[in-house]
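Peer 1: First the structure, which I've put down as structure tokens, then a few questions once you've had a look.
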Amino acid sequence: MALEDSKAAFLRIPWAAALLNRPNVICRVPGSRQPKQSLEDSLFAEILKTSRTINSCIAFYDKPSDSDGSITEVSTLITIGDGMNGHPNILHGGIVASIIDEAMGILQSFNHERDHMTKVGKGLAHGESPPQAFGSFTATLNIKYLKPVHTPDSLLVTARYTRREGRKEWIHAEVKQHHSHGEDDYGEQTVCATGDALFIEPRGNKL
């Protein structure tokens, strides 16, 4: 789905539109939503890309003040259908964990791409995207389930770095749901789940 189409789905939601329309906000469709010949990202690019699973998805972040600076926090908006329920009208806990892990991966991939383009600008690398083998793996992922995630609805998942050291990165994420009481109501925000993870990049970027 094109950026404008993905964005349009959330501009109709008052609280989401307020986040996307802030100054200096960069919006992108995550690369993991694009099908690939290698079948990488097939879970979110194909299986969970239907009207009853995750129909729309867009990520956004504040433009870093330093052109070479990293992106410390990325938020992802998603629409969830009723095809991933565990209990009636409640999202399956395993899907909640997968969404958290994916949001953390989006934060990482945006930074990998940004680092790569910085190197390209300095003549230290070539190509429009990092090498396919460039990435990291989830070593640990701890989830705290605080409130049920009700379906169908839209969610805000925010991931941010808490620590980076060599090949290791620690990331915290929150899943938030808004409960509105009318068409123009921003609603009440609830943190439904949080996650803390450690990611490790393979030595020499060899997967």
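The values are calculated or read from the model by the stated rules, or taken from the named source; none is laboratory data. No experiment lies behind these values; they were computed from the predicted model shown. Cβ: placed from backbone, ideal geometry, glycine included. Neighbour counts: every protein chain shown. For the accessible areas, the whole protein counts, side chains as well, though only heavy atoms, and no ligand, DNA or RNA atoms are used. Shrake-Rupley method; radii C 1.70, N 1.55, O 1.52, S 1.80 Å.
Peer 1: Determine whether S75 is assigned to a helix (DSSP H, G or I) and open to solvent by less than 50 Å² (accessible area, probe 1.4 Å). Spell out the reasoning first.
Peer 2: Working: assigned to a helix (DSSP H, G or I): no; open to solvent by less than 50 Å² (accessible area, probe 1.4 Å): yes.
The answer is no for S75.
Peer 1: Among the numbered criteria (1) farther than 18 Å from E102 by Cα; (2) at pLDDT 90 or above, which single criterion is violated by K122?
Peer 2: (2)
Peer 1: In the set D101, D115, which member is part of a helix (DSSP H, G or I), modelled with pLDDT under 80 and open to solvent by 20 Å² or more (accessible area, probe 1.4 Å)? Outline the logic, then answer.
Peer 2: Details: D101 fails: modelled with pLDDT under 80.
Testing whether each residue is part of a helix (DSSP H, G or I), modelled with pLDDT under 80 and open to solvent by 20 Å² or more (accessible area, probe 1.4 Å) leaves just D115.
Peer 1: Let me ask something else about it. For region 26-66, which residues satisfy the criterion of being free of Cβ contacts under 8 Å to residues at least 24 places away in the same chain, farther than 23 Å from F137 by Cβ and of a type in the set (S, T, N, Q)?
Peer 2: S65, the sole residue that qualifies.
Peer 1: Filter region 167-186 for residues that are under 22 Å from the mean Cα position of the chain (by Cα) and not in a strand (DSSP E or B); which is modelled with the highest pLDDT?
Peer 2: Restricting attention to region 167-186, the residues satisfying the condition of being under 22 Å from the mean Cα position of the chain (by Cα) are 167-179, 186.
Then keep just the ones that are not in a strand (DSSP E or B); that gives 167, 186.
Details: R167: 90, Y186: 68.
Among them, the one singled out is R167.
Peer 1: On to the next question. Tell me whether region 128-146 contains one or more residues that are modelled with pLDDT of 95 or more, surrounded by 11 or more Cβ atoms within 10 Å (Cβ to Cβ), of a type outside the set (V, I, T) and in a loop (DSSP other than H, G, I, E, B).
Peer 2: yes
Peer 1: Here's a follow-up. One residue is enough: does region 55-62 have a residue meeting the conditions in a helix (DSSP H, G or I), open to solvent by less than 80 Å² (accessible area, probe 1.4 Å) and of a type outside the set (D, E, K, R)?
Peer 2: Applying the first criterion (in a helix (DSSP H, G or I)) to region 55-62 yields none.
No - not one qualifying residue is present in region 55-62.
Peer 1: Let me ask another. For residues that are open to solvent by less than 80 Å² (accessible area, probe 1.4 Å), of a type in the set (S, T, N, Q) and outside any helix (DSSP H, G or I), tally how many sit in region 9-41.
Peer 2: Here the count works out to 2.
Peer 1: Can you name the residue in region 155-166 that is modelled with pLDDT of 95 or more and of a type outside the set (K, R) and is also most open to solvent (accessible area, probe 1.4 Å) among such residues?
Peer 2: T162
Peer 1: With respect to K49, is the statement that it is over 21 Å from Q177 (Cβ atoms) and open to solvent by 40 Å² or more (accessible area, probe 1.4 Å) true?
Peer 2: No; evaluated as a whole, the condition is false for this residue.
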